[in-house]
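First the structure, in the form of C-alpha cells, and then the observations on it.
The values are calculated or read from the model by the stated rules, or taken from the named source; none is laboratory data. The structure presented is a predicted model; accordingly, all values stated were derived computationally and were not measured. A quick note on method: Cβ atoms are made from the backbone with ideal geometry, for glycine too, and the neighbour counts reach across all protein chains shown.
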Amino acid sequence: MLFILAAMITLPFLAAGQETYQWVDEKGTVHFTDNFSQIPEKYRDQVKKKITPSEPVPSPSTTSPQAKTPPGPPVEKKDILGRGEDWWRNQAMEWKQKLIKAQKDYATADAALKAKEKELEDARFKPKSFQRKIQEEIRVLEEKANEQKTRLDEAKNMLENVLPRQAEEHSADPNWVRVE
C-alpha cells in the first residue's frame, strides 16, 4: 500500500511528457506502467491512458485570480485507489447475485434433506439395510445443506459488513455498495 502511494506521488515527476497506463486487477490493486505491452490482455479494455505534460501545471495559488477555468464535466468521485462508483457497484452486484444463488441452492438442499428425512421416517418398518442407505443419503444431504448455508452466510456478510467496511476504509461513498 505504501509502495503504491509512493508511486502515485513520484510518478508525475518521473514521467513528465510520457504516456502512462493505469488499470485495476480483480483484487482491486491499482497498477501503473509506461509500456502498454506489459498490461495483461484481460485488463487492456479498462486501461486509463494518461499523458503527463512535459511542463508542470501551475498550482491554483500561482495563477492569477482573473484566470478561471471553464466549467467542464463533473469529476467522477473515486476512492483512494482510483476506483469509481462502477467498480464498487459491480462488487456489490456480484455478491448480491451470489446471495440470491446461495439462497436458492440452500432452499433446494434443505427441501431435499427434509424429504429424505420424511422418507426415513416412513421406512421405519422396512429392512435395516434400506434405512442405513437412507441415513447415508441424509448425511450427504446435510453436508450439502451446510455448504450452501456457509455460502449464504458468506454472501450476507460481504454485503452487510465487509463491502461497507472496505468502502469506508478506501474513502468510497458508502451508497455505492448498497443494493436493493
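Worth a mention:
- Within region 154-180, being surrounded by fewer than 17 Cβ atoms within 10 Å (Cβ to Cβ) and assigned to a helix (DSSP H, G or I) holds for E154, K156, N157, E160, N161, V162, R165, Q166, E168, E169, P174, N175.
- Residue pairs whose Cβ atoms lie under 6 Å apart, sitting 6 or more positions apart in sequence or on different chains, and linking a residue in region 39-62 that is assigned by TED's automatic domain parsing to the domain that holds K27 to a partner that is of a type in the set (S, T, N, Q) and modelled with pLDDT of 70 or more, are K48/Q22; K50/T20.
- Total residues in region 104-139 satisfying the condition of being surrounded by 13 or more Cβ atoms within 10 Å (Cβ to Cβ), assigned to a helix (DSSP H, G or I) and hydrophobic (A, V, I, L, M, F, W, C): the figure is 7.
- Residue in region 101-133 that is modelled with the lowest pLDDT, counting only those that are in contact with a helix residue (DSSP H, G or I) (Cβ under 8 Å, 6 or more places away or on another chain) and among the small types (G, A, S): A123
- Qualifying residue in region 134-144 (condition: under 19 Å from R83 (Cβ atoms) and either assigned by TED's automatic domain parsing to the domain that holds W95 or at pLDDT 90 or above (or both)): no
- Residue in region 69-76 that is at pLDDT 80 or above and either closer than 30 Å to L159 by Cα or assigned by TED's automatic domain parsing to the domain that holds H170 (or both) present: no
Listed here are the residues, each with its yes/no results for (1) surrounded by fewer than 11 Cβ atoms within 10 Å (Cβ to Cβ); (2) at pLDDT 70 or above; (3) hydrophobic (A, V, I, L, M, F, W, C); (4) under 22 Å from A167 (Cα atoms).
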residue: G17; (1), (2), (3), (4): yes, no, no, no
residue: V24; (1), (2), (3), (4): no, yes, yes, yes
residue: H31; (1), (2), (3), (4): no, yes, no, yes
residue: F36; (1), (2), (3), (4): no, yes, yes, no
residue: P40; (1), (2), (3), (4): yes, yes, no, no
residue: K78; (1), (2), (3), (4): no, yes, no, yes
residue: K96; (1), (2), (3), (4): no, yes, no, yes
